[in-house]
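Peer 1: Can you keep this structure in mind? I'll have questions shortly.
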Amino acid sequence: MPKGAWNDRSKNTVPLQLPITYLKPVKRNTITHEFDSGSQAEILPPQESDDNSSEASNLLRQGIQQQQAGELIVAMKSLQQSLGLFQEVGDLQKQAQVLSFLALVTYSAGDYKGAISYSQQCLSLLNNTSDLAVQMQALSHLGNAYRHLNEHKKAIEFLEKCLKITKQLQDKRSQVAALNNLGLVYKALGNFTQAIEYQQQSLEIVRELKDNWGEEQVLKNLGNAWYALDNYPKAIAYYEQCVVLARSLKNVRSASQVLKNLGNACYALGDYAKAIKYYEDRLQLSKEIQDKRSEEQSLGSLGVACEALGDYNKAITYYEERLVLARNIKDRRSEEQALASLRVACYALGDYAKAMQYQQGTSSNS
């Protein structure tokens, strides 16, 4: 399954034209519901007898492709045009499909209230008809959006309804998403045991499907849940599996994030040598993808871990690199933190003259 294949207003009215110039994808741990390329043929007939219907279907196809490519502004325009044409011919089923995709685009951009509005309109058009696949998507978008708005009770209500439909349709890919996302809601509520139960079910199904992209996400979320429970050995076990998959998929940014979590978990266990290994791996990846923020964070983490081992000289080397980088990217806060860390490490070595230099460095930049 290709990356991104996981992934709703009143009757016959044109939707409010949202300010779409700001749209850009927002990263999150949710698995979203959307039609994959194989099912588009089922929802969109290859030919339409009516010119408006034909153009509307073409715009819908185009909007789907643009959304999957992360081109949210143009996807929004295509889908809104498609919706208007389907409204002209009175095709409620197709309007519902377009509204579901509009909900996905707005959700992807972090506009959760917009996603809720489109999803609710989508469901009002379906009116409990037989189009369960679109209902399932709209319910998923509602649940996910309400989670981000911290309305957890509503999120659980809609995601449970979504899960019920995935089982009714025997749609295992969507079941993976619903279980994973329910786990995220319970984690947000602090009910980590329930979160782990849902995500463990999700993991079993995604492995059965041999979907490495989905498995990587679920493994990361399981690691996060165990980490939140302070069960670092369990968290490490899931994170390590996740990193292997992320590397095999060349999902470097995800690997970088999980390596940070791995280092932190090992540090929390007092295994500073292993923490350093993971922080060094993250540092290397950060340099490869020229992610200056991750590079700066890695250098700081490495300094702290080296201090924990009593290796102040090596810690100073990392802190000095962090200081240079922080000044290059003009990050005043990180610069101050690096200077403070350098002073502490120099004092620990008894190098008071150098510690004073770093103290003066703070003063001169104040």
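Peer 1: Among the trypsin sites (Lys or Arg not before Pro) within segment 288-366, which fall in a DSSP loop and have no more than 15 other Cβ atoms within 10 Å of their own Cβ?
Peer 2: Filter output for segment 288-366: K330.
Peer 1: Whole Å is fine, so just give me how far the alpha carbon centre of segment 288-366 lies from that of segment 68-85.
Peer 2: 47
Peer 1: Right, something else. Calculate, for K113 and K354, the FRET efficiency according to 1/(1 + (r/R0)^6) with r their C-beta to C-beta distance and R0 41 Å; round to the nearest 0.05. Mind dumping the intermediate values first?
Peer 2: Values: r = 53 Å, r/R0 = 1.30.
The formula returns an efficiency of 0.15 here.
Peer 1: Each residue of segment 196-213 in order: what ³J(HN,Hα) in whole Hz does its phi give by Karplus 6.51 cos²θ - 1.76 cosθ + 1.60, θ = phi - 60°, with x for Gly and Pro?
Peer 2: Calculated HN-Hα couplings, in order: 5, 4, 5, 6, 5, 4, 4, 4, 4, 6, 5, 5, 4, 7, 6, 9, 5, 5 Hz.
Peer 1: Measure off 7 Å from each Cα along the Cα-to-Cβ vector at A188 and L149, then give the distance between these two points in nanometres to one decimal.
Peer 2: The modelled label-to-label distance comes out at 1.1 nm.
Peer 1: Please work out how much length the chain gains when fully extended from K250 to R333, using 0.36 nm per residue of separation minus the C-alpha to C-alpha distance, in nm with one decimal.
Peer 2: Numbers: separation 83, 0.36 × 83 = 29.88 nm, distance 3.18 nm.
Extra length available between K250 and R333 comes to 26.7 nm.
Peer 1: Figure the gain on full extension for V89 and S124 (residue separation times 0.36 nm, minus the Cα-Cα span) and round it to one decimal in nm.
Peer 2: On the way: separation 35, 0.36 × 35 = 12.60 nm, distance 1.80 nm.
Length gained, V89 through S124: 10.8 nm.
Peer 1: For segment 195-245 and segment 97-117, write down the distance between their C-alpha centroids in whole Å.
Peer 2: Between the Cα centre of segment 195-245 and that of segment 97-117, the gap is 27 Å.
Peer 1: What's the FRET efficiency of E240 with N313 using the Cβ-Cβ distance as r and R₀ = 25 Å, to the nearest 0.05?
Peer 2: Working: r = 30 Å, r/R0 = 1.20.
After rounding to 0.05, the efficiency reads 0.25.
Peer 1: If we count other beta carbons within 10 Å of each Cβ, what is the order of E88, E216, fewest first?
Peer 2: Details: E88 14, E216 24.
Going from least to most buried by this count: E88, E216.
Peer 1: A follow-up question, please. Mind sorting S78, S248 by how few other Cβ atoms lie within 10 Å of their own Cβ, fewest first? Don't jump to the answer; show the numbers that get you there.
Peer 2: Values: S78 24, S248 11.
So the ranking, lowest neighbour count to highest, is S248, S78.
Peer 1: Right, here's the next one. Suppose R0 equals 30 Å; then what is the FRET efficiency for E208 and N52 from their Cβ-Cβ distance, rounded to the nearest 0.05? Walk me through the numbers before you get to the answer.
Peer 2: On the way: r = 43 Å, r/R0 = 1.43.
The computed FRET efficiency comes out at 0.10.
Peer 1: Could you give the length gained by full extension between I73 and Q284, i.e. 0.36 nm per residue of separation minus their alpha carbon distance, to one decimal place?
Peer 2: On the way: separation 211, 0.36 × 211 = 75.96 nm, distance 3.41 nm.
Stretched fully, the I73-Q284 segment lengthens by 72.5 nm.
Peer 1: Additional query: In terms of modelled amide H atoms, which long-range or inter-chain residues lie less than 5 Å from the amide H of L149?
Peer 2: Here the answer is none, since no amide H 5 or more places off falls under 5 Å of that of L149.
Peer 1: What ranking of M76, M356 emerges when the number of other C-beta atoms within 10 Å of each C-beta is taken as an exposure proxy, fewest first?
Peer 2: On the way: M76 24, M356 13.
In order of increasing Cβ crowding within 10 Å: M356, M76.
Peer 1: Given K330/K354; K172/K234; K94/K220; K77/K260; K161/K220, which pairs have Cα atoms separated by over 29 Å?
Peer 2: Details: K330/K354 23 Å; K172/K234 26 Å; K94/K220 36 Å; K77/K260 38 Å; K161/K220 25 Å.
Beyond 29 Å: K94/K220; K77/K260.
Taken together, the values in this text are just the output of simple stated rules run on the coordinates, not laboratory data. Just so it is clear, the structure is predicted and the values come from calculations on it, not from any experiment. Don't worry about glycine lacking a Cβ; one is built from the backbone with ideal geometry, like all the others, and counts go over all protein chains shown.
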